[in-house]
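Heads up, the thing below is written out as structure tokens.
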Protein chains: 6
Amino acid sequence: MKPSSNTDSERYERGWRKLQEIDGKAGERVIESLDEIAPDLGRYTIEFPFGDVYSRSSLDLRSREIATVASLTTLGNAQDQLRVHIHGALNVGCTREEIIEVIIQMAVYAGFPAALNGMNAAKEVFEERDEEGTE
Amino acid sequence: MKPSSNTDSERYERGWRKLQEIDGKAGERVIESLDEIAPDLGRYTIEFPFGDVYSRSSLDLRSREIATVASLTTLGNAQDQLRVHIHGALNVGCTREEIIEVIIQMAVYAGFPAALNGMNAAKEVFEERDEEGTE
Amino acid sequence: MKPSSNTDSERYERGWRKLQEIDGKAGERVIESLDEIAPDLGRYTIEFPFGDVYSRSSLDLRSREIATVASLTTLGNAQDQLRVHIHGALNVGCTREEIIEVIIQMAVYAGFPAALNGMNAAKEVFEERDEEGTE
Amino acid sequence: MKPSSNTDSERYERGWRKLQEIDGKAGERVIESLDEIAPDLGRYTIEFPFGDVYSRSSLDLRSREIATVASLTTLGNAQDQLRVHIHGALNVGCTREEIIEVIIQMAVYAGFPAALNGMNAAKEVFEERDEEGTE
Amino acid sequence: MKPSSNTDSERYERGWRKLQEIDGKAGERVIESLDEIAPDLGRYTIEFPFGDVYSRSSLDLRSREIATVASLTTLGNAQDQLRVHIHGALNVGCTREEIIEVIIQMAVYAGFPAALNGMNAAKEVFEERDEEGTE
Amino acid sequence: MKPSSNTDSERYERGWRKLQEIDGKAGERVIESLDEIAPDLGRYTIEFPFGDVYSRSSLDLRSREIATVASLTTLGNAQDQLRVHIHGALNVGCTREEIIEVIIQMAVYAGFPAALNGMNAAKEVFEERDEEGTE
């Protein structure tokens, strides 16, 4: 297990581009909201999830967003992050129908309340995108 | 919202075939273990998750298993079901590398302990399949 | 484990009547809110929880609602559903005092914050019913 | 909200009798296992859950145990305590069929894996009681 | 394990003083909000957490509040209680920087969404205290 | 929010030393167990939690371990990691009594079953250390 030789600023820049690709403005706003109180947490959020994990090659971005929407629907206490990643899933090529399917499936594993609350998040995201004229 | 006109036995048979397709023997054993104590829960487990949800057309089975592995790794208290669905994911076309990726990604959303315990489940499944000579 | 021979529309109708009996208007609204985005999830919510589970005979409805209020207070991330089922518990014969007792007891198993948040939900439901003049 | 004037030893004795009534030997063993490492946690477990909560009058013991089995099945990470309280539920008048019903119902709120694992706990308890010749 | 001979009113008074010391007005408001619906839960919240647990001598109050902020950030479904205990942590000598550190660390164990939502709670508390001119 | 200029190998080495300081052999074993299946997750576990988070200066290590024991007791589904960090807490200066206190306190926030299961983990760690003659 040899550590790689990335510098943190390489991770940061790679992560920032990946965050933009996936979450667009919504992702940026999460990071900015940390600027005054905990900029390091903002930096970690770019470096580790996006610079390290989402930048890996063995799984396509669409599959990654499916996994994240499933995980956040299961947790049930991270509605803001779920909305950001439903946007993300649509941005990287998932259809609305596929997101609805993933959330329905969570009724099996995380229970009906988790699925119903996940669907509310999807509804809000779809309406927001309808207003903006985004797919 | 018109209810469909499936009979329960159609749902059951469709679910049973789907369960076989995804989970093979491991899925059957779960159902059999319920035979004496709560056969109805066994029946529901075939009818609703497999007959209703996994049989839907809007999402491919590989994506469904990615969502399930993500959800079960996030819950962290369903190791038996996680192992069954890691088998399932491999049975429907995920690679070992992709499963490892999904579990690594859960470190971001559900924390490192959830990812580490998910990886233990994967390790056990891969060893089992190595012994059986399955991919 | 012989599958039953219900058609889905029998399950749906039985479930719809049971939903009305337990949750009245509040339950209907949950289903309607799914009409545009995921009518199938609305249908499943009627068919499986209400058509299959709540329609079973081996446990009285009052005990079922006690179990549900306990479960939703424990989860702590499903306040809307908790309010719907506190209404439901009262509709099928639980007293306000009994609901308060169940929520207090959850302090033992799910912790004091879960119990305090459950009690807030109860408070809102009781006030709503006071305004409507319902018991 | 006037504090009552119970002494702790009254709470302790009342709690101990209640624990005996509900959980019998299994409850005692939990307390004894804490004797060397954290006797105060053992004492609190008798005083607060059993001396304060389970001794309250506004809800019958059978309903209390239904709520607890529901809560522990939902948590999914407290199998030992779930087994103790399935014994408890049977000791205070629940039937095996009713316990099975409560656990099946948790498939709706906490998901199928929680219900399946809860049913495993019930199976172990029923087998143990069959061996002992207890109902 | 000999039960102590405190009367409940001693526990209550000790708990009330401890609640005041840690949470000040915010703690009082939680108790008052229970006055009409479930005064007994209010009383238990003073007696067990504050009268019994926080009054114990083997751990300093600052460490206790660190443990509580960690636990509530991990649960992720108790934002009100988290805000109360971030106030509490500051009241008993934690610095803002230390609280930020504890919440960042939770990204490791409970995941990034839990840490981000915990940080939002901290932000609100710090702004409130800035307005009041409290440290 | 300027990204720092650490290379990953600096983070890795700093993290490895920190892991050794806190968790000793137990931490090493966790990493080694990942060597064959997911060495990158092992590397991330060193780089992010230990190289980034635990190496920060604004909170002393003893407080960090208190926060981690609280978080893992609350999660309740990460007993292996809880045992590793109870060792860690003792290694960096917490007393056994303080660890017991943190776990007792979790009865308030995460419920009694979480506290009881946390105490079992502590018991196993203390016995292991007694055998080794470690404090």
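The values are calculated or read from the model by the stated rules, or taken from the named source; none is laboratory data. Everything numeric here is computed off the predicted structure, so don't read it as measured data. Every residue, glycine among them, receives a Cβ derived from its backbone with ideal geometry; neighbour counts consider all protein chains shown. For the accessible areas, the whole protein counts, side chains as well, though only heavy atoms, and no ligand, DNA or RNA atoms are used. Shrake-Rupley method; radii C 1.70, N 1.55, O 1.52, S 1.80 Å.
If amide H atoms are built 1.01 Å from N in the plane of the peptide, which residues on other chains or at least 5 residues away come under 5 Å of the amide H of residue B:7?
Placed amide hydrogens put C:8 under 5 Å from residue B:7.
In debye, nearest 20: dipole of the range A:1-58 around its Cα centre with unit charges on the Cβ of K, R (+) and D, E (-)?
The dipole magnitude comes to about 320 debye.
When only alpha-carbon atoms count, how far does the protein assembly as shown stretch along each of its three principal axes, as whole angstroms with the largest first?
66, 65, 55 Å, listed from the longest principal axis down.
Placing +1 at every Lys and Arg Cβ and -1 at every Asp and Glu Cβ, with all other atoms neutral, what dipole size does the protein assembly as shown have around its Cα centre, in debye to the nearest 20?
That gives a dipole near 0 debye.
Distances from residue C:60 to the same position in the other copies: list them in nm, one decimal, shortest first, using label points 7 Å from Cα along Cα→Cβ.
0.6, 5.4, 5.6, 5.6, 5.8
At q = 0.11 Å⁻¹, what is the base-10 log of I(q)/I(0) for the range D:1-101 according to the Debye formula with one equal point scatterer per Cα and no solvent? Please give it to two decimals.
-0.34
Grab the alpha carbons of the range D:59-135, take their convex hull, and tell me the volume per residue in Å³.
Once divided by residue count, the hull of the range D:59-135 is 71 Å³.
For the range D:1-58, what is one quarter of the convex hull surface built on the Cα atoms, given in nm²?
Projected area, direction-averaged: 4.3 nm².
Ignoring everything except DSSP H segments at least 4 long, calculate the 222 nm mean residue ellipticity for chain F; use -39,500 (n - 2.57) per segment, divide by total residues, nearest 500.
-24000 deg cm²/dmol
Can you work out the FRET efficiency for the pair residue F:21 and residue D:20, with r the C-beta to C-beta distance and R0 = 60 Å, to the nearest 0.05?
In this case the efficiency is close to 0.80.
Over the range A:1-58, what is the mean sequence separation of C-alpha contacts under 8 Å (at least six apart), divided by residue count, expressed as relative contact order in percent?
After rounding, I find 48 percent.
Could you give the angle, 0 to 90 degrees to the nearest 10, between helix C:96-110's Cα long axis and the longest principal axis of the Cα atoms of chain C?
Between the helix axis and the principal axis of chain C, the angle is about 90 degrees.
For the range C:1-58, build the charge dipole from Cβ charges (+1 Lys, Arg; -1 Asp, Glu) around the Cα centre, then report which of C:9, C:46, C:57 sits farthest towards its positive end.
Of the options given, the answer is C:57.
Taking Cα atoms, how many degrees apart are the long axis of helix D:79-91 and the longest axis of chain D, rounded to 10 and kept between 0 and 90?
Value to nearest ten degrees: 80.
Using a label position 7 Å from Cα in the Cα→Cβ direction, what is the ascending list of nm distances from residue C:128 to the same site in the other copies?
Spelled out, the distances from residue C:128's label point are 2.6, 2.6, 4.0, 4.4, 4.9 nm.
For label points placed 7 Å from Cα toward Cβ, what is the shortest-first list of nm distances from residue B:39 to its copies?
Label-point separations across copies, in nm and ascending: 3.6, 5.3, 5.3, 5.5, 6.8.
Residues with beta-carbon under 14 Å from that of residue D:36, excluding residue D:36: net charge, scoring Lys, Arg +1 and Asp, Glu -1?
-3
Longer than 32 Å from Cα to Cα, which of A:18/F:25; A:18/A:123; F:18/F:123 are they? Say none if no pair is.
Correct reply: A:18/F:25.
Calculated FRET efficiency, residue C:135 and residue B:128, Cβ-Cβ r, R0 56 Å, to nearest 0.05?
Efficiency computed from Cβ-Cβ geometry: 0.45.
Near the axis that takes chain B to chain F, which B residue has its beta carbon closest, and at how many Å?
Minimum Cβ distance to the axis, with residue: B:77, 3.
State the answer as a single residue: which of E:121, E:90, E:103 lies farthest towards the positive end of the charge dipole of the range E:59-135, with beta carbon charges of +1 for Lys and Arg and -1 for Asp and Glu, about the Cα centre.
Of E:121, E:90, E:103, it is E:103.
Using the crude model of +1 on Lys and Arg Cβ and -1 on Asp and Glu Cβ, and no other charge, please compute the dipole size for chain C relative to its Cα centre, in debye to 20.
540 debye
Calculate what fraction, in whole %, of the accessible area of the range C:9-93 sits on carbon and sulfur atoms when a 1.4 Å probe is rolled over the protein chains.
The computed percentage sits at 45.
With the solvent-accessible surface defined on protein heavy atoms using a 1.4 Å probe, which residues belonging to the range C:94-128 display a reduction of at least 40 Å² in accessible area in the multichain context relative to the isolated chain?
Residues of the range C:94-128 that lose at least 40 Å² of accessible area once the other chains are added: C:101, C:104, C:105, C:108, C:109, C:112, C:113, C:116, C:117, C:119, C:123.
Counting only heavy atoms of protein chains, what accessible area per residue, in Å², does chain B have with a probe of 1.4 Å?
On a per-residue basis, 35 Å².
Would you mind checking the tilt of helix B:8-32 against the longest principal axis of the Cα atoms of chain B, expressed as 0 to 90 degrees and rounded to 10?
The angle comes out at about 30 degrees.
With Cβ to Cβ distances under 10 Å as the rule, what net charge do the other residues near residue E:104 carry (K, R +1; D, E -1)?
Computed value for this residue: -2.
Can you give the FRET efficiency for residue F:36 and residue A:28, using 1/(1 + (r/R0)^6), R0 = 35 Å, r = Cβ-Cβ distance, to the nearest 0.05?
0.35
Interface size between chain C and chain D, please: total buried accessible area, 1.4 Å probe, rounded to the nearest 100 Å².
Buried area between the two chains comes out at roughly 2700 Å².
Just to be sure I understand: with springs between alpha-carbon atoms less than 10 Å apart, which residue in D:115, D:38, D:26 has the highest mean-square fluctuation in the Gaussian network model of chain D?
Fluctuation is largest for D:38.
What percent do you get for the relative contact order of the range C:59-135 when only Cα pairs under 8 Å and 6+ apart count?
RCO, the range C:59-135: 34 percent.
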